[in-house]
Ligand code: FNR
């Protein structure tokens with residue numbers, strides 16, 4: 001059951017179109033005709049909590065846990081190595097339950113021995129399982145994913161969400177590596193961000209809607225789809241604006257439907273320190289192979305550098321002070337929530 005689910009997720013993620021809007025078309029960067037900077041001095045280096053990265057772009061958690069996923073993870077890891085990106089693996093619970101699945105995750109470390117590799121588990125994980133996941137791939141950090149609507153839509157999914165913050169907090173205290181709490185595409189709002197911050201969580205990936213939708217993916221797997229729920233969640237732009245007051249000072253990652261370097265820079269200008277992409281990289285790999293993926297990532301990095309230069313921002317931190325204009329539905333949301 002578990003094994004075929006991994007491949008079903010990949011199949012549906014590739015065949016379903018991104019759902020809704022990521023909200024970043026409502027975010028406009030104010031041009032700077034006098035940037036007073038040289039392109040060669042612009043640095044992509046960034047820091048998420050205690051984790052130093054040479055690029056703000058990361059390959060977000062996707063897969064592992066089935067025989068067929070080993071080749072995908074291996075290719076993603078080579079692309080990460082060749083472009084200097086950090087990479088997260090998919091949920092490792094299947095390999096904790098079945099040791100024969102470990103190779104499909106460990107290939108990522110094997111292909112990229114010196115890179116930044118991030119472990120991944122769901123919020124149901126115990127501290128012992130978290131330590132095992134980190135150890136399995138000699139991870140530099142651990143992502144704990146939140147995916148309530150996905151679990152609810154999965155017939156075999158979790159039904160009891162009590163005690164999540166306490167469990168994550170215990171893991172963060174003892175994991176020995178930085179812990180990043182992430183959504184998978186439904187978005188994190190300010191109230192949840194504040195609870196996680198108070199519980200000692202250093203870094204948050206807002207995981208907003210507008211890209212891969214796990215509601216649509218689970219509906220495609222259900223015998224009785226509940227299609228109205230495909231739109232569940234808040235956009236990536238909204239999630240960034242919701243979480244920035246709590247995590248905007250060095251602990252926030254943007255993700256959910258990001259498509260290019262311009263959207264990466266918009267996310268960083270809203271206060272993020274890094275930007276994750278999953279579905280886009282999977283699609284590039286499927287359509288254009290490893291070389292196409294590497295080319296795509298290189299283009300996104302170049303776009304990011306060019307936009308930073310055009311804004312006169314030499315570092316990710318300088319982007320936080322660049323003026324942005326928020327329009328449309330996104331500014332209406334901010335007004336209604338008192339986020340101005
Ligand atoms: C995912 N994602 C994911 N996230 C996670 O924390 N653990 C996981 O095991 C998975 N598995 C997974 C499989 C596949 C096939 C995809 C495409 C994605 C979610 C992913 O990390 C990300 O949060 C969302 O996909 C939203 O980003 P994009 O795809 O819109 O860039």
With just the Cα atoms of the stretch 52-105, tell me how far they stretch along each of the three principal axes, in Å, largest first. 34, 19, 13
What full-extension length gain, to one decimal in nm, is calculated for residue 291 and residue 148 as 0.36 nm per residue of separation minus the Cα-Cα distance? 47.9 nm
Direction-averaged shadow area of the convex hull around the Cα atoms of the stretch 23-78, nm²? 7.4
The helix 2-15 Cα axis meets the longest alpha-carbon principal axis of the chain at an angle in degrees, between 0 and 90 and rounded to 10, of 30
Once you've got the GNM for the chain with C-alpha springs shorter than 10 Å, pick whichever of 277, 154, 62 has the biggest mean-square fluctuation. 154
Could you work out the relative contact order of the stretch 28-147, using alpha carbon pairs under 8 angstrom and six or more residues apart, expressed as a whole percent? 22
Tell me, what is the percent relative contact order of the chain, built from C-alpha pairs under 8 Å that lie six or more residues apart? 24
As a footprinting exposure proxy, order 161, 186 by other Cβ within 10 Å, with the fewest listed first. 161, 186
Contour minus end-to-end for residue 40 and residue 103, with contour as 0.36 nm per residue of separation and end-to-end as the Cα-Cα distance? 18.7 nm
Using a/c under 1.5 as the rounded threshold, could you call the chain rounded, prolate or oblate? The axes a ≥ b ≥ c are square roots of the C-alpha gyration tensor eigenvalues, and prolate needs a/b larger than b/c, oblate otherwise. rounded
Between residue 50 and residue 335, what length in nm is gained on full extension when 0.36 nm per residue of separation is reduced by their alpha carbon distance? 99.3 nm
As a footprinting exposure proxy, order 335, 47, 17 by other Cβ within 10 Å, with the fewest listed first. 17, 335, 47
Most mobile of 120, 321, 219 per a Gaussian network model of the chain (Cα springs, under 10 Å)? 321
Calculated P(r) of the stretch 156-280 - Cα pairs past 24 Å, %: 31
Just to be sure I understand: with springs between alpha-carbon atoms less than 10 Å apart, which residue in 139, 192, 66 has the highest mean-square fluctuation in the Gaussian network model of the chain? 192
When only C-alpha pairs under 8 Å and at least 6 residues apart count, what is the relative contact order of the stretch 55-116, in percent? 44
For the stretch 1-146, divide the Cα radius of gyration by the Kirkwood radius and give the resulting Rg/Rh value with two decimals. 1.05
So for the chain: antiparallel DSSP bridges make up what percent, rounded to the nearest 5? 20
Output row, site residue 138, 7 Å Cα→C-beta label point, backbone N cut-off 18 Å, window the stretch 100-127, residues 102-120
How do 38, 138 line up, fewest other C-beta atoms within 10 Å first? 38, 138
FRET efficiency (residue 33, residue 67; Cβ distance; R0 45 Å; to 0.05) is 0.25
From the P(r) of the stretch 227-340, could you give the percentage of C-alpha pairs in the tail past 24 Å? 32
MRE, 222 nm, helices only [DSSP H, n ≥ 4, -39500 (n - 2.57), over the chain, to nearest 500]: -13500 deg cm²/dmol
Inter-part distance where the stretch 263-335 and the stretch 29-104 are each reduced to a Cα centre, Å: 14
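Readers should treat all values here as calculations from the given coordinates under stated rules, not as data from a laboratory. All figures in this text were calculated on a predicted structure; none of them were measured in a lab. Note: ideal-geometry Cβ built from the backbone for every residue, glycine included; neighbour counts use all protein chains shown.
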